[in-house]
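To keep things clear, I will list the structure first and then write my remarks on it.
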Amino acid sequence: MSEPELLFCLHFLGGSARSWAPLAAALDGALTCVPIDLPGFGEEAGGTRFSLDAMADHVAEAIRARAPAAFAIAGHSMGAKVALALARRAEDGDPGLAGLTHLVLISGSPPSPEPIPEARRAKMLAWIDADPETRRREALNFIRANVGADLDPGTEAAAVADVLRASPAAWKAWLESGAREDWCRRVSVLRTPALVLAGSKDADLGPDAQQALMAPHLARHRRVTVDGVGHLLPLERPDLLAGLLREYVADRQTNPDPSRPAVPPAYAALIASERVNGRLREALDARAEPDDPAYRPEALDPVELAILRAVLARVLPVPGLDPAARIDRRLSAGQGDGWRFSALPADPDAYRAALRTLDAAARAARERPFGPLDADNQDALLTLCQRGDLKVHDALGGRLDADGMRFWFEDLRADAARLWLGHPAALARLGFSGIGAGGDRPGEIARDLPGFHAVGLDTPEPWEPRPSHGELAR
């Protein structure tokens, strides 16, 4: 992968292009920063179009004007959501964006609606139109509330001045609309490599939010938590950020080929033999294909798919297999086992509702999303699902009652077991020989099929595979 020539930098709510000056100085030419004022902020405070699409249009024009062969985009908070929109455009082939090599997402606002407490949103909306003295005081409080430690006086004064020169209309548009825009399905899953950074003292967009809401959209990413830092990493620790950027961009490693559960050679030879019907062989070969790490879900959204992956990692962990993606494909194709519990909606709706309910229960019980919880806490919640004792919290997104969650979890376990036991690696593990009952030679009649001849107890045919050894799943 090429090293980027330029790093286009998109600021946080209330920031401006000059918010990146400390980072540019710390990079000292190792990477050329091109900071951009988003509409309504900095030198663009007179702008009038503040939607996410409008901000992405504005940045895309700036990138095309420079026409770089290779470039990266750094997005901080609000700017990260704009960066994700641009990455989707780049991967979809928009002119002038083909050179995108990396994303750097700092305390990023995710594609989903941003998790801002409504009381804080209301307060931020209230003071932006207040008298000058109130605005100055609240702008200072805003900056100080978003750092892990005091900024130096010059940096703090510049940050406060940026907030005060921001367009109140743009400020309100982000809080009332932009931060609430749901781009989860539109961004989907990106292949562009990304560095995801979060401060340990960031209240709303810290490590948990990045894991639960940002990471599901990034097939190739590295997450880093910076201890002692709040929401304003580029202002708080520009030197540290510069070092992380140098290291990340210089790392030429690419993702290894997708892994897959191993099918022993003897069993692979049986699948390839004339004893196996061609249609069956084709199906088994398809099941053995590696899963795409950048799989884009259709029935679920990327956040729901990430929750499902976390659940399946506890229910039936199989290294190299992505059963969540395979279940999503089944759901989107309308393929099922022909029945469902009457208490549940159709399978796609049941999965979406159950995953959101489980995540809401985790937030209520542990004040964290389900994905970032440790294994013991995840298992405890899943055990409550199994027993029909999960406490449902409608206000946090719960959609199924406790009995519904019990029925869904039973369906999930059946789906996971059925999916795995149809995989050639599982069939080999079990020593299942039924696939060798017949081929498909032209004109073949029943008496000519390979079939089985030794039918007594403990009398396997010479060609039959033996069960492989090792654990089914770890």
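Accessible-area rank, largest first, for VAL249, VAL224: VAL224, VAL249, with all protein chains present and a 1.4 angstrom probe. For percent of Cα pairs over 37 Å apart, computed directly from the structure shown, the correct entry in (1) 29; (2) 33; (3) 39 is (3).
The modelled label-to-label distance for the pair ALA364/ASP376, using points 7 Å beyond Cα in the direction of Cβ, is 2.4 nm.
Surface composition of region 149-299: carbon and sulfur make up 50 percent of the accessible area, probe 1.4 Å. Its DSSP H runs of at least 4 residues, each contributing -39,500 (n - 2.57), put the calculated 222 nm mean residue ellipticity of the chain at -13500 deg cm²/dmol, to the nearest 500. Fully extending the segment from ALA25 to GLU61 would add 10.4 nm, taking 0.36 nm per residue of separation and subtracting the current Cα-Cα distance. Placing pseudo-labels 7 Å out from each Cα toward the beta carbon at LEU140 and LEU421 gives an inter-label distance of 6.9 nm.
On full extension, the segment bounded by SER332 and ALA288 gains 13.8 nm, given 0.36 nm per residue less the C-alpha separation.
Projecting label points 7 angstrom from Cα along Cα→Cβ for ASP53 and ALA70 puts them 3.3 nm apart. Available extension along the chain between ALA98 and LEU164 is 20.2 nm, counting 0.36 nm per residue and deducting the alpha carbon span.
Counting only heavy atoms of protein chains, what accessible area per residue, in Å², does the chain have with a probe of 1.4 Å? Mind showing how you got there, number by number?
Details: 21410 Å² over 474 residues.
Result: 45 Å² of accessible area for each residue.
What is the calculated FRET efficiency for ARG279 to ARG340, with r their C-beta to C-beta distance and R₀ = 25 Å, to the nearest 0.05? The computed FRET efficiency comes out at 0.35.
The values are calculated or read from the model by the stated rules, or taken from the named source; none is laboratory data. The structure displayed is predicted, hence computed values, not measured ones. Neighbour counts run over all protein chains shown; Cβ positions are idealised from the backbone, glycine included. The accessibility values were calculated without ligands, DNA or RNA, using every heavy atom of the protein model including side chains. Shrake-Rupley method; radii C 1.70, N 1.55, O 1.52, S 1.80 Å.
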